[in-house]
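The values are calculated or read from the model by the stated rules, or taken from the named source; none is laboratory data. Keep in mind that this is a model prediction, so the values were computed, not measured. Glycine also receives a Cβ, built like all others from the backbone with ideal geometry; neighbour counts cover every protein chain displayed.
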Amino acid sequence: MNINKLFNISDKISKLAEECEKELQDKYREIEHTSYINQAKILKAFQNNKVSTMHLGSSTGYGYGDVGREVIEKIYSEIFNAEDALVRIQFVNGTHAISTALFSCLKYGDELLYITGKPYDTLNETIGIEENNLSLLNMGVKFNYIDLKDSTYFDYEKIIEYIKSNKVKMIVIQRSRGYSTRKSISISQIEKVISKIKEIDNNIIVMVDNCYGEFVEELEPTDVGSDLCCGSLIKNIGGGLCHTGAYIVGKKQYIDLCAQRLTCPGIGKECGATLGQNRNILNGLFIAPSVVTNALKAMIFASLLSEKLNFKVSPNYIDKRTDIVQTIEFNNEKELIKFIQGIQKASPIDSHVIPYPWDMPGYTDKVIMAAGTFVEGASIELSADSPIRKPYIAYIQGGITYESAKLAIIIAIQNMLNEE
Ligand SMILES: *Cc1c(COP(=O)(O)O)cnc(C)c1O
């Protein structure tokens, strides 16, 4: 079969792609090694908790005594090296989990500090950066943030001075870059800054927004001292099989509060029907290291191929990664749009649909998104999105199989280079 002919891929791009793949073999082995360690950790947790067929079952109504849900939360606790976990399909997305944690820990008069720059866009109304009657700000919670130094490192001087001269209750570290040009934050950087924070004030609650980070490194934020850590089940940790949900793991006292905030005071973790999703959560978790490996290999491939075509990328193919997000900077709006449309064209679902930039609620610039995914909006499946503004950067992530994601990258690059 001639794949190039099937998808109108030029000889030039096809050869370049082959070259990239050859050059990346050592890098691929490195990623597979990390995956092996994470896989072992997960297998051990399944065995230690004696997972059996009954845990793959379901509950309806109140969901009292759902053994599957309970074992899932034990397994998450073990994998994250955390005291407790809240893994629930009642979280509508990652933002909901983060918001729940913030509202659980912060009361009138408290202060919240982000030390990785501005929070992810969807949290603006939760925090009160944008007006909302129910925001933390309107509940009397102050907010501030400190940018990374050179968009890469924690600004230790500013952080230390700030927490010495203000009564900060909670600090959030956002591991992944979001829609910004800053670098993502590695586990070793997280470890270092947490130990410094705790040295100054052990009572500050440190939470890590772990979205896109799970299983990219050998350790997770809770392994290195974060009190809370959260993420989405339709990203890395769901392995592409979860239909919805999010998790929070960490210290028991805070998870208790989060559970009571998610449901209601007095009910906490006891309720929450699982509606047949326990199987997906367990199965997805089990394959997640492998799926993350596929996504990472595809992103490194995208990075090197784009670099060979003289586009600016971040991270580049040799950089050590801590999340699955890849950015490619295009020369103009037209290239960016054609690339994103190419990703959609190469998707298994809705390949015939052409995405265009639109005014998405909550964003200042127009946004274009490609997500031809089995689970709506699941960004562990190959997806790409971009605000239409200078510099023209595509944010790409995911890939449940390496082969499909690699092919999609080639098709998107070709689509972008084609003259109309
Ligand atoms: C995806 C993501 C979130 C949460 O987004 P949802 O779409 O609500 O799941 C939060 N922070 C970061 C850094 C993310 O990548």
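The number of residues in the range 44-70 that are without any contact (Cβ under 8 Å) to a residue 60 or more places away in the chain and assigned to a helix (DSSP H, G or I) comes to 8.
When you look at S404, is it closer than 30 Å to L123 by Cβ and surrounded by 16 or more Cβ atoms within 10 Å (Cβ to Cβ), yes or no? When the stated conditions are applied, S404 does not pass them.
Candidates I248, I267, I234: the one that is without any contact (Cβ under 8 Å) to a residue 24 or more places away in the chain and of a type in the set (A, V, I, L, M) is I267.
Could you say whether any residue in the range 127-150 is within 16 Å of the ligand (Cβ to nearest atom), of a type in the set (A, V, I, L, M) and not in a loop (DSSP other than H, G, I, E, B)? Yes, there is a match, as at least one residue in the range 127-150 is within 16 Å of the ligand (Cβ to nearest atom), of a type in the set (A, V, I, L, M) and not in a loop (DSSP other than H, G, I, E, B). Which of the residues that make up the range 258-281 are more than 24 Å from the chain's Cα centre (by Cα) and of a type in the set (A, V, I, L, M, F, W, C)? Hits for the range 258-281 are C264, I267, C271, A273, L275. Scanning the range 238-262 for residues that are over 20 Å from E83 (Cα atoms) and outside any helix (DSSP H, G or I) turns up G239, G240, L241, C242, H243, T244, G245.
Is it fair to say G362 is touching an Asp or Glu at 6+ places or on another chain (Cβ under 9 Å), at pLDDT 95 or above and part of a loop (DSSP other than H, G, I, E, B)? No, not satisfied. Entry remark, the range 338-362: residues being surrounded by fewer than 19 Cβ atoms within 10 Å (Cβ to Cβ), in contact with a strand residue (DSSP E or B) (Cβ under 7 Å, 6 or more places away or on another chain) and of a type in the set (V, I, T) number 0 in total.
Determine whether S351 is in a loop (DSSP other than H, G, I, E, B), of a type in the set (G, A, S) and either in contact (Cβ under 8 Å) with a residue 40 or more places away in the chain or in contact with a Leu (Cβ under 8 Å, 6 or more places away or on another chain) (or both). The answer is no for S351.
If you go through the range 194-207 one residue at a time, do you hit one that is part of a loop (DSSP other than H, G, I, E, B) and either surrounded by 23 or more Cβ atoms within 10 Å (Cβ to Cβ) or within 16 Å of the ligand (Cβ to nearest atom) (or both)? No. Scanning the range 103-126 for residues that are more than 18 Å from the chain's Cα centre (by Cα), under 18 Å from A246 (Cβ atoms) and either modelled with pLDDT under 95 or not hydroxyl-bearing (S, T, Y) (or both) returns F103, C105, E125.
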